[in-house]
């Protein structure tokens, strides 16, 4: 039997279809503009900021995506911002995945902004205008955009926390390829910024698969940068592969850009390949110059816990020793009256050592240096861990031997605590003083040790407060006889050697032993013993004042008929040392010789005769003495 549907049931079944039909007819007749008011009201209620859609609103459904198009759109900034609008655009287009929308995972796909003006601001208390919660503090409320296309736009970024203000303008360069040109100016962390470049018009902000081409020519403060290559995942920067050229006045000036407290240097210029993947940055196969020195190598920075870890190897085929000056705090400092200071007095920027850790080896194959300095090569391993800088091993090839040691600078407190232990190994006497002709044929090996501890934020202050010891010694060798005769003022022997030529004599030993307390080096033993004479020294060296106060007294081992016999005084400053003789003693001897010469010319030699010590004042005595603490 056939049953008919009752009228109420029929209405109930047909109602959804009727409503749907009315909606379709409404959209066909009136479009989506009716939805503008609910969208604007909902946005205001959710964010506390006004969204204005002044033009037509269109929706296109292509399951599971819906494409939204609107014209004359603006969105307000929060009340604290300097600019009233965060976004003003002639047109806005984007797609939304309805499946993700159901799961409250909103990602705008293929966003296109036509002639946009975007104003982004950060307040001094950390609030960010692009966060959409009412307090602008919840990082999860920022708009997630997968791909962004800017069609002739401008972007302003004001970050008062980091003293940054950037204005960026983007223009379509080639409509067929979609490439754009951009220009930026302003300041970055207080440094003036200018930049130009080209890129693809579609910015793959969240796409971690497709490389994004980029060319940029920029200058940030004193640092100039040219780069070309690709980026991947602009939002998270998951990949980067670019050829890069850097130049600037000092590597320390890269701190605002890299966050790495590199040392002060002379001007530099470098080129290399910059690669980034996951948490690692690598500056591969770079080459260039720092000052007058060439450098090459690879450096890698990896995020480890709170600090990045810098590792690598750097080589210099020819290093100008003068390029180490700013690294150790030497160079121009605060002007002051008096003699020029020699010890480096500029404060090291140790506060930046807390920004990263490091393990880097440096090798200088050949050192260009002043002729008076017998340094030839350098190898050092530089380690920085929790603001403690360690140079170990430190190895200078010098005068045919080595200066090997360990230097530790602990910057975990306001004043750097420094300690240094340097071994002097087999330095050749003939090469130790390359500017003195009288030592070039000398033979002997200098050995010893320097141990110092001090504190201060410059090398000068570390040495001025230092305690420790300096011990240097030389065993048997050979030395210029003319040099020793000159030290004893043996006039007749000097004349003979000048005429007949110099020759070497036996060097029995040499010893320099200093105790260091609060920056004052006090002699314990100072001795040079040869077959001709023995020179015994005493006095002190003040590292704080950079002054010398040493007295050398020659004692002849053989009879000299004409010897003025005077102590040798070494006084003055490190910058301008003065070597003088006891003129009163010389004048007295000379006057005596003149007076006796008036009686009998032979008697004139009596005050000038040096008979020798008659006993051993050299190595035999020194062998049992000396305090090397």
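Some notes on this structure:
- Counting other Cβ atoms within 10 Å as a rough exposure proxy, the listed residues 32, 353 run 32, 353 from fewest neighbours to most.
- Placing a label point 7 Å from the Cα of residue 570 along the Cα-to-Cβ direction, no residue of region 389-429 has a backbone N closer than 14 Å.
- Between residue 431 and residue 303, the FRET efficiency from the beta-carbon distance, with R0 = 41 Å, is close to 0.30.
- Convex hull projection area averaged over all views, region 44-177, Cα basis, nm²: 9.2 nm²
- Length added when fully stretched, residue 172-residue 347, from 0.36 nm per residue minus Cα-Cα: 58.1 nm
- Listed by Cβ neighbour count within 10 Å, with the fewest neighbours leading, 368, 156 appear as 368, 156.
- Förster radius 25 Å - calculated FRET efficiency between residue 372 and residue 417 (Cβ-Cβ, nearest 0.05): 0.20
- Gain upon complete extension [residue 547, residue 517; 0.36 nm per residue less C-alpha separation]: 9.3 nm
- Gain upon complete extension [residue 134, residue 292; 0.36 nm per residue less C-alpha separation]: 51.2 nm
- Estimated inter-spin distance, residue 162 and residue 453, nm [label 7 Å along Cα→Cβ]: 4.2 nm
- Region 191-268 - Kirkwood radius from inverse mean 1/r over Cα pairs (Å): 13.7 Å
- Ranked list, fewest to most other Cβ atoms within 10 Å of each Cβ, for 121, 445, 69: 69, 445, 121
- Computed over region 144-284, Cα set: Rg, Dmax in Å: 15.7, 48
- Region 73-110 and region 264-321 have Cα centres lying 41 Å from one another.
No lab work stands behind these numbers, since they all come straight from the coordinates. Because the structure is a prediction, the values reported are computed rather than measured. Glycine also receives a Cβ, built like all others from the backbone with ideal geometry; neighbour counts cover every protein chain displayed.
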